[in-house]
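All remarks here apply to the structure that follows.
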Amino acid sequence: MRALWAAVRELLIVVGIALILSSIVRAFVFQAFYVPSASMEDTLLLEDRIIATKITKPFTDIQRGQIVVFKDPGDWLPVFDTNKNTFLHLLSVVGLLPSDAGDDLVKRVIGIAGDNVKCCSPGGKILINGTELFDTDFIKPGVETNQVEFEITVPKNRIFVMGDNRPDSRDSRFHLETAYGTVPVKNVVGPVQIRIWPFNRFATLGIPDAFKIIPDAQS
């Protein structure tokens, strides 16, 4: 009996350490998420699993073209009930399952602080600091961008985000009444670096070349 208790105690210690380490990784290194909608098709499909890295956030600025996970900045999402299965929700909290909090969104960064972002050019493209964004390499084939006409300058410490599936993305364009639809940088969980599931769609997710020719805002 004493040997059995010793074995159980050792197992509980191992499991406890594993859960603590998993929680630390989730809090400070990276976190897994479900893709909650079709707004990022075809780059990300509904129910894809992705990894957002956190370890670089304190040391590097958010860049145009990055895909980021961020917390709802206010009424972008409907009220959501977290997973009613307490055990599965616990696994999500400690990082063994993707987050099920229900207040996370995933979009692509189009503008950073100081950028002038406008829709649209005569060719139907987003203009960033007066330069057309040639987005055909990453937006969903066949979709247009001109659902909302606007021109804004991104405030300090905020970002302007859009989905790759432009007609099916309730992004910054649809929340212009609050800080020009921008998202506080503090709400960003981290940039999405990897699409991990399903395995046949495993890929790293870098910044498209189209963003590399965009000039910085004039100070």
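The values are calculated or read from the model by the stated rules, or taken from the named source; none is laboratory data. It should be emphasised that the depicted structure is a prediction, and the values quoted were computed from it without experimental measurement. All Cβ positions, even for glycine, are placed from backbone atoms using ideal geometry, and neighbour counts span all protein chains on display.
Couple of notes before you dig in:
- Members of segment 153-166 that are touching an Asp or Glu at 6+ places or on another chain (Cβ under 9 Å) and farther than 22 Å from Val192 by Cα: Thr153
- Annotation: of all residues in segment 174-189 being in contact with a strand residue (DSSP E or B) (Cβ under 6 Å, 6 or more places away or on another chain) and closer than 16 Å to Met40 by Cβ, the one that is surrounded by the most Cβ atoms within 10 Å (Cβ to Cβ) is Val183.
- Scanning segment 149-161 for residues that are assigned to a loop (DSSP other than H, G, I, E, B) and loosely packed, with under 15 Cβ neighbours inside 10 Å yields Glu149, Pro155, Lys156, Asn157.
- Segment 45-134 holds strands (runs of 3 or more DSSP E) entirely within its bounds, and those carrying 1 or more residues that are at pLDDT below 90 and β-branched (Val, Ile, Thr) map to 49-53.
Yes or no, residue by residue, for (1) closer than 15 Å to Arg64 by Cα; (2) in contact (Cβ under 8 Å) with a residue 60 or more places away in the chain; (3) of a type in the set (Phe, Trp, Tyr):
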residue	(1), (2), (3)
Val148	no, no, no
Pro155	yes, no, no
Asp168	no, yes, no
Asn187	no, yes, no
Ala210	yes, yes, no
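- As a summary of the residue check, Asp164 satisfies the conditions (1) surrounded by 20 or more Cβ atoms within 10 Å (Cβ to Cβ); (2) not in a loop (DSSP other than H, G, I, E, B) except for the one numbered (2).
- Hey, Pro215 part of a loop (DSSP other than H, G, I, E, B) and over 26 Å from Lys71 (Cβ atoms) or not: yes
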